[in-house]
1. How tilted is helix B:98-110 with respect to the longest principal axis of chain B? Cα atoms for both, answer in degrees (0 to 90, nearest 10).
2. Over all residues in A:146-156, what is the mean tally of Cβ atoms on other chains that come within 10 Å of each residue's Cβ?
3. What is the mean number of Cβ atoms from other protein chains located within 10 Å of the Cβ atom of each residue in peptide B:67-73, rounded to a whole number?
4. Which value, in debye to the nearest 20, describes the size of the charge dipole of the protein assembly as shown about its Cα centre when Lys and Arg Cβ atoms bear +1, Asp and Glu Cβ atoms bear -1, and nothing else is charged?
5. Between the alpha-carbon centers of the range A:35-102 and the range B:231-288, tell me the distance in whole angstrom.
6. Applying the Karplus parametrisation 6.51 cos²θ - 1.76 cosθ + 1.60 with θ = phi - 60° to the phi angles of the range B:125-142, what ³J(HN,Hα) value in whole Hz is obtained for each residue in order, glycine and proline being reported as x?
7. Please average, across the residues of A:83-89, the number of beta carbons from any other chain that are within 10 Å of each residue's own beta carbon, and give a whole number.
8. For every other residue with a beta carbon closer than 12 angstrom to the beta carbon of A:Asp37, add +1 if it is Lys or Arg and -1 if Asp or Glu, then tell me the sum.
There are 2 protein chains.
Amino acid sequence: MQTIELDDYNIYVGEIWKTLNVFLEESSYSKYFIIVDENTKEHCLPIFMEKTTIEDPIVIEIQSGEQHKNIHTCSFIWKQMIEANADRNALLIPLGGGVIGDMGGFCAATYKRGIDFIQIPTTLLSNVDSSIGSKLGIDFADIKNSIGLFKNPKAVFIDPVFLKTLPVREIRSGFAEIIKHCLIADAGLWNQIKEIENLEKVDWLPLMVPSLEIKKRVVEADPFERNIRKSLNFGHTIGHAVESHALNSVYPLTHGEAIAIGMVCETYLSAQKDGFPINFAEEVSNFILKIYGKYAFKNEYFSTFLRLMKNDKKNKDGKINFTILKNIGEAQIDQNFEEEIVMKSLAYYKEI
Amino acid sequence: MQTIELDDYNIYVGEIWKTLNVFLEESSYSKYFIIVDENTKEHCLPIFMEKTTIEDPIVIEIQSGEQHKNIHTCSFIWKQMIEANADRNALLIPLGGGVIGDMGGFCAATYKRGIDFIQIPTTLLSNVDSSIGSKLGIDFADIKNSIGLFKNPKAVFIDPVFLKTLPVREIRSGFAEIIKHCLIADAGLWNQIKEIENLEKVDWLPLMVPSLEIKKRVVEADPFERNIRKSLNFGHTIGHAVESHALNSVYPLTHGEAIAIGMVCETYLSAQKDGFPINFAEEVSNFILKIYGKYAFKNEYFSTFLRLMKNDKKNKDGKINFTILKNIGEAQIDQNFEEEIVMKSLAYYKEI
């Protein structure tokens, strides 16, 4: 097991169970609340119950999917906790992917003005992304993560054993954030991952740890996203808009699939500024398309995407804020583009 | 104007407007959102608009009353902010009493993971109580303040001019917290206020400042209510239960009226432990009844009150947590009583 130390909590990666049990024994929580969805209840909870010393936790089951990451599900979770007389000394354990982690953490941070929580992410996406950085929250009024706050968990426990329970589409979703971390901060790791042909044959542990280290460096340098942390938003301005739009469609995208689209478009934007070589843009786009295939969207959606981008949290003074690439392994934050160029980047995705 | 300095923000008391305008000019907020209810819209907003340099703020009007301090009103506020394209650089200004301050602050603290807010409390209660201490939140599932968090405002501006807009019942409500501050921490001030006969003739500024200083000392010594801050809960364990129960009745109590009842009962509890003289208990009870009169509640409510007390945030290990008086001006936290004694304290209130 490897330990990644942050300012006031640790992320444990690997065989987590011994450390987790020591943590639980050294704390004296009054009750344990585990948040699961129908998938993690079936595939992850039995592993958790077998490996930990917790007896009789209170299991709160919510429905899986981004469309349930909302204030109604929070109310459901809070109600269950109140009915079980959870006091301020209770521990909440979200056991699942980003939806459960973000929303469960938010419920813990606001229940009786805040109780402790630990994160046990079970998807590749949440392992390398939402498990670190202390962003908690829910979607509201069709805007992703528009309600939430920053708060650290007591600890994060990541065990690759849970990845075996995932369909390949979920693995592919998480891989997008690893790609992003390489593109914004680690050209060497990019050269390594771009050779990947088959996601089902990858050993993820050696990729997860450097990916987490990248995110850790960025998040610790700028915890509240005032400057450098915005580099993590590469692919996310357009990606979030596409994801929000697809959420209510017949074919919703995973977060990673949407971010993959966003990264292709924003790589195009990068190439519109001096310095980012067009052959790199092609290399990035081709690799992403090889892994993710192409998602068909209509030109008439473009204006909806733009409207959604205008509501992005990162915007300032009404301008859409982008993070682009200056080079492979180097990001440039706070970039603005004419709406026409943004439209062209969407057309670029459709044409390649 | 007097300034009370806290660790990372100031409370300004008196003629606030010059300081407020300097604060606004030195900041560079993208938009201003003012939360009002139908009362503060009529009585306080015109004063605010006349005295400040803010032009064209976005005014969000909610319904007054504790029964609207809930997640539905939060959703309404968040939606208005999203529709007005509030970015992370917007400033939210709750202009009103504790309901608006607690809920407005909570909405600001969770909107796009947190935007700045300043508090402009307009009632005596919020001036001396919720304006300081950084507790934000809403009622949920019939439990007062069960969802919320701790977060500091950028500043608090208290001007007694707003007190003139209040009915005497609102003044009486706020006075309960001043009584409490005296009883837990300042015997000298108690001897001064216990001579008060007519609330309409009181000059509040000289009482508000020492009252705020008491709360400041307690809150700074223990911001997250792990120990000494619990002394502020004197009167609140029983008071909150009575208030929650009355909320849905034909005659809802103000917060102060409920806390006044709680203080009488918990003064009785104080006298059950060694040390607190019974004549002090009578002195306190008689003064409170002189100011507040007596509220009639049925014996059959007692078990409901007990159930509500059992859900109090301050409880630990299933025991109801009380703060009692050791002496006038001295509190004792973390006290437990048999349910029978708690019942007797309610009967004591009914009998005196």
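Just so you know, all these numbers are worked out from the coordinates, no wet-lab data involved. Just so we're clear, the structure is a prediction, and the values are computed from it rather than from any experiment. FYI the Cβ positions are ideal-geometry reconstructions off the backbone, even for glycines, and counts take in every protein chain you see.
1. Around 60 degrees separate the two axes.
2. That works out to 3 on average.
3. 1
4. Here the size comes out at about 280 debye.
5. If we compute the Cα centre of each part, the gap is 38 Å.
6. Once θ is set to phi - 60°, the couplings for the range B:125-142 become 4, 6, 4, 9, 10, 6, 5, 10, x, 6, 7, 10, x, 9, 7, 8, 6, 6 Hz.
7. 4
8. Neighbourhood net charge equals -2.
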